[in-house]
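For reference, the structure discussed in these notes is given below.
The values are calculated or read from the model by the stated rules, or taken from the named source; none is laboratory data. What you see is a predicted model, and the numbers here were worked out from it, not measured in a lab. Quick reminder, even Gly has a Cβ in these numbers, built from the backbone with ideal geometry, and neighbours come from all protein chains shown.
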Amino acid sequence: MGSIRDPGFGAGIFRHSAMFAAGMVRSLITTIVLALVWIAWSWHFEPLVVGFGVVAVVLTVALSKRMNILDEEGEPFEINIRLIRYIPWLVIEVLKANFQVAKLILDPEMPISPRLLKVRANQRTTLGQVIHANTITLTPGTISLDLRDNTILVHALSAEAQHQDESGRVDEMISWLESGLPEGHEE
Amino acid sequence: MSVLEIISAIFLLGGAIFCVIGGIGVVRLPDFYTRCHGAGVTDTAGAAGILVGLMFIAQPLVIVKLVTILVFLWLTSAASSHALGKAAFASGLRVDDEPIDWTTGLSAHPPAMSDEELAAEESE
């Protein structure tokens, strides 16, 4: 889809250079993360092993760059800072849902009421919608089966699980998370 | 036993209990989709409990690796649950949204056609 507004020639140049800068930041962050992973995994500091690491990291970043997978979906550094709030929220949601499902399973009468429901995904980017669907799947008691036309098809185990998804709290949280992403330029 | 070992033991026990609950869920729940929910308990709370429990008695460098394992487990278990559910849904497995008699795994409502009627229809 992309933006239909024509920002004009100068703005085009500016946008191009801004994208170039963002691309450099993405390469830089990937390099740092890969280097840290290499060090944490090997914990050897002999010149030979570190040299292998440098070669591996540079090759990986260069190839990723060539394959054009270091884009705002592959390395969305813009939302990294927001993960600090999202991850604790996610852990608490998952734990709450786990206790709910555990209670249902251990109940002698097992009062489940499986159902299908449609949850609206109001995220503007594909990445945001995928995060939304994965968040729903990760909380036990709900599984996302399909995602199309901004709607997630969800299988829920009980009415409680349904209300949890339909309340829109998840949708709000993911919308806030993805609001850090730049304006999408997908087709 | 030091304090860290006791905290670790509590987390390990909690994780193990959630793993067992997930297993019971997979056995007790009536159909494919609901069993996915049971497996989800083992994937998330069970794995998290055991890995967090191990983090309390591990070396600093090992903690980094345990955190990474937890992150990848949570990322991939969501993706695989979705793939499983979507594959079942796409190949036409019916989703029961009517009450289910869990002792037999069958729908609590009588079928629209009896077995004899179905056999008669097939032979025609």
Checking A:75, A:160 in turn, the sole residue that is in a loop (DSSP other than H, G, I, E, B) and either more than 14 Å from chain B (Cβ to nearest Cβ) or on the phi < 0 side of the Ramachandran plot (or both) turns out to be A:75
Taking segment A:93-145 and the residues there that are of a type in the set (D, E, K, R) and in a loop (DSSP other than H, G, I, E, B), the one that is surrounded by the most Cβ atoms within 10 Å (Cβ to Cβ) would be A:124
*On the given criteria, is residue A:155 under 19 Å from residue A:85 (Cβ atoms) and crowded, with 23+ Cβ neighbours inside 10 Å?*
no
Criterion first (free of Cβ contacts under 8 Å to residues at least 24 places away in the same chain, in contact with a helix residue (DSSP H, G or I) (Cβ under 7 Å, 6 or more places away or on another chain) and of a type outside the set (Ser, Thr, Tyr)) does residue A:105 satisfy it?
yes
Here the qualifying pairs (Cβ atoms under 8 Å; residues six or more apart or on different chains; first in segment A:133-157 and acidic (Asp, Glu); second assigned to a helix (DSSP H, G or I)) come out as A:146/B:86; A:146/B:89
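Residue by residue, here is whether (1) on the phi > 0 side of the Ramachandran plot; (2) in contact with a Gly (Cβ under 6 Å, 6 or more places away or on another chain); (3) hydrophobic (A, V, I, L, M, F, W, C); (4) in a helix (DSSP H, G or I) holds:
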residue: B:4; (1), (2), (3), (4): no, no, yes, yes
residue: B:14; (1), (2), (3), (4): no, yes, no, yes
residue: B:23; (1), (2), (3), (4): no, no, no, yes
residue: B:45; (1), (2), (3), (4): no, no, yes, yes
residue: B:48; (1), (2), (3), (4): no, no, yes, yes
residue: B:51; (1), (2), (3), (4): no, no, yes, yes
residue: B:62; (1), (2), (3), (4): no, no, yes, yes
Flagged in segment A:106-138 as at pLDDT below 90 and either among the aliphatic types (A, V, I, L, M) or in contact with a Cys (Cβ under 9 Å, 6 or more places away or on another chain) (or both), in numbering order, are A:110, A:112, A:116, A:117, A:119, A:121, A:127
